[in-house]
Amino acid sequence: MWIEVPTQPTIAITKWVPSMAPFLLKHLNGDAGSAVTRFLRNKIPQPYEQKDADDFIAHCSEEKLFTSYAIVLLNTSDSNSNGDNNSQNILAAIGSIGLVFNDPTDIEAHVAELGYWLAQEYWGRGIMSAVVGAFIKNFAAPLSISHHRADVPLRKIYAYAAIENKGSCKVLELNGFVQEGLLKQYAWKRGEYHDCAVYAFFFKPVLK
C-alpha cells in the first residue's frame with residue numbers, strides 16, 4: 001500500500017521491499033550518490049553495496065524504533081493505476097523518509113528524529129517538501145494520538161540540517177518546522193566540520 005503525495009501526482013510513499021534494492025545501489029553510488037550522502041549520517045556507507053541494501057530493507061521490515069519508507073515514482077499512465085496501490089505501477093524508488101524513535105521507557109519517548117534523502121536527479125522539483133508534508137500527515141500524525149511503542153503519544157519531531165544544506169532547511173521550514181538552535185561544528189563529514197541547525201515540529205502547542 002502507498003500514500004499519494006499531494007501536488008506530486010507521480011510520487012508516493014510506501015514500504016521498502018527487496019525488489020527495490022537496485023535503486024538504492026543506483027542512487028547511493030557514484031558522483032550522484034556522493035552528493036546525496038554529503039550531509040547524511042555515516043550509516044549510509046560509500047560505496048553502497050548489495051549487502052547494505054539488503055540489510056537496510058530487512059531492517060525496515062522489523063518496525064522497531066527505526067522506521068523508513070520508500071519514496072517512489074509511479075506510472076500514472078497505466079490504466080490500472082488506482083487506489084489499489086498495485087506494485088506494478090511503481091517505476092522506481094527515488095528516495096527514503098522515516099523516523100527514529102527514542103527509548104519508549106525513557107523521558108524522550110514522545111520525541112522522534114526525522115530523516116530523509118532524495119535521488120539527485122529529482123532535486124529542485126518540490127518533491128521532498130511535498131513528501132515531508134504527506135509523511136507527517138499520514139504516518140506521523142496518527143502517532144500523536146496513540147504512540148506505537150509507548151503509552152506516550154508522539155508530540156515532537158526534530159531534524160538536523162547542515163546550514164550549507166539550504167534545500168533541506170527550506171523543506172523543513174515549508175512544513176512548519178521551526179529552528180530551535182544552532183549546533184556549532186556538530187557534524188564531521190568527509191574531513192570537514194559542519195554547523196547544524198536543529199528544527200522541530202510540534203503536534204500540539206508548546207507548553208508555556
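Brief remarks on what is shown
- When Rg and Dmax are taken over the Cα atoms of the stretch 97-208, they come to 14.6, 44 Å.
- Relative contact order %, the chain, counting alpha carbon pairs below 8 Å whose residues are six or more apart: 18 percent
- Estimated translational D of the stretch 2-202 in µm²/s (Stokes, Kirkwood radius over Cα pairs; 20 °C; 1.002 mPa s): 122 µm²/s
- Separation of alpha-carbon centers, the stretch 92-141 and the stretch 1-78, rounded to whole Å: 12 Å
- Taking Lys and Arg as +1 and Asp and Glu as -1, the other residues whose beta-carbon sits under 9 Å from that of TYR158 total -1.
- The alpha-carbon of LYS156 sits under 26 angstrom from the alpha-carbons of these lysines, leaving out residues fewer than 8 places away in its chain: LYS15, LYS43, LYS64, LYS137, LYS166, LYS170, LYS184, LYS204, LYS208.
- Other residues with beta-carbon under 13 Å from the beta-carbon of PHE203 carry, at +1 per Lys or Arg and -1 per Asp or Glu, a net charge of +4.
- Ranked by how many other beta carbons lie within 10 Å on average, peptides 38-49, 168-179 from highest: 168-179, 38-49
- The residues TRP188, TRP16, TRP117, when put in order of fewest to most other Cβ atoms within 10 Å, stand as TRP188, TRP117, TRP16.
Read-outs throughout are calculated quantities, based only on the coordinates presented, and are distinct from any laboratory measurement. Just so it is clear, the structure is predicted and the values come from calculations on it, not from any experiment. Glycine gets a Cβ as well: all are built from the backbone with ideal geometry, and neighbour counts include every protein chain shown.
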